[in-house]
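Peer 1: Sharing a structure here in structure tokens format.
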Amino acid sequence: MGNASCVFVGCIDQATVGIVEKWGRYEKLAQPGLNFFNPCAGQYLAGVLSTRIQSLEVKIETKTKDNVFVQIISSIQYRIIKQSADDAFYELQNPREQIQAYVFDVVRAQVPKMTLDQLFEQKDEVAKTVLEELEKVMGEYGYSIEHILMVDIIPDPSVRRAMNEINAAQRLQLASVYKGEADKILQVKKAEAEAEAKYLGGVGVARQRRAITDGLRENILNFSHKVEGASAKEVMDLIMITQYFDTIKDLGSSSNNTTVFIPHGPGHVRDIGDQIRNGLMEK
């Protein structure tokens with residue numbers, strides 16, 4: 001009698017691994033490529049698992065330390081450990097539900113310890129804690145947790161509106177502070193400019209008076225030298241009277257309709273000279 005044999009050929013795709021059983025018991029892993037199974041010896045392909053990275057989105061609703069209800073959306077990237085594919089195949093019937101349950105448990109244990117502001121600031125710490133816990137648990141079942149991302153933190157709509165109003169109020173307050181500082185700087189600069197203008201004006205008046213004094217002194221000296229017997233007082237009186245009449249002349253020729261009443265007469269001229277001289281001496 002001849003020997004009869006039966007061989008089954010199976011092809012395992014790239015990035016997958018096959019589970020080979022013999023008489024109902026796990027025997028080996030079938031690697032990607034062409035594989036041969038002997039059904040007569042009880043061998044058959046029990047299943048195929050993907051070793052690609054898979055993504056699971058988990059939405060968790062919980063409460064913060066300051067009693068704000070938030071919805072946290074996290075993304076978990078995981079994959080089967082190729083060498084432990086048999087554990088992943090036999091130990092867990094629904095790995096996604098198992099991962100989701102552990103994420104719920106860890107997040108709801110961590111978030112109530114934080115305020116809403118702390119949660120936004122430390123979301124990476126929460127993700128790190130979830131990653132550490134999942135790695136310890138899921139590693140026993142042949143799964144590797146690659147990354148965990150806290151994609152979004154969504155507070156209650158009323159809380160979001162309140163946060164926006166607080167932010168807007170803070171920005172308005174800051175803007176008013178900046179505006180006040182700008183007004184203060186303008187006032188200071190304006191005062192400095194006015195002080196500088198007054199200083200320069202005083203310098204100009206002082207120079208003008210010095211020039212007038214120098215001119216008067218020069219005129220008196222020249223007149224005294226050219227007219228013998230004329231004293232400096234007499235020359236000064238003559239100059240002041242001359243300027244007085246020049247002023248009256250200028251007032252009369254001015255286009256403005258202005259009426260000025262001035263006492264005039266021989267005695268008044270002397271009085272005017274005395275008044276002008278006394279006024280200059282007081283100044």
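Peer 1: List the residues of the range 70-85 whose backbone N lies under 18 Å from a point placed 7 Å from the Cα of E57 along the Cα-to-Cβ direction.
Peer 2: 71-78
Peer 1: Where only protein heavy atoms count, and the probe is 1.4 Å, what is the accessible area per residue for the range 125-217 in Å²? Show your work: numbers first, answer last.
Peer 2: Numbers: 6910 Å² over 93 residues.
Averaged over the residues of the range 125-217, the accessible area is 74 Å².
Peer 1: Let me have the relative contact order for the range 52-197, percent, based on Cα pairs under 8 Å that are six or more residues apart.
Peer 2: Details: 169 pairs, mean separation 44.0, N = 146.
Over the range 52-197, the number comes to 30 percent.
Peer 1: Let me ask you something else. Quick check: at a probe of 1.4 Å, how many percent of the accessible area of the range 1-144 sits on carbon and sulfur atoms? Kindly include the intermediate steps, with their values, before the conclusion.
Peer 2: Working: 3960 of 8530 Å².
Answer for the range 1-144 is 46 percent, counting heavy atoms of protein chains only.
Peer 1: As I understand it, the dipole of the range 34-164 uses +1 on the Cβ of Lys and Arg and -1 on the Cβ of Asp and Glu, about the Cα centre. Which of P39, F69, T129 lies farthest toward its positive end?
Peer 2: Ranked along the dipole, the leading option is F69.
Peer 1: Cα-Cα over 29 Å: which of K82/K136; K65/K179; K59/K136; K22/K82? Intermediate results must be reported in sequence, preceding the final value.
Peer 2: Numbers: K82/K136 17 Å; K65/K179 38 Å; K59/K136 22 Å; K22/K82 20 Å.
Pairs exceeding 29 Å: K65/K179.
The values are calculated or read from the model by the stated rules, or taken from the named source; none is laboratory data. Computed from a predicted structure; not experimentally measured. We place every Cβ from the backbone using ideal geometry, glycine too, and count neighbours over all the protein chains shown. What goes into the accessible areas is simple: the full protein's heavy atoms, side chains included, and nothing from ligands, DNA or RNA. Shrake-Rupley method; radii C 1.70, N 1.55, O 1.52, S 1.80 Å.
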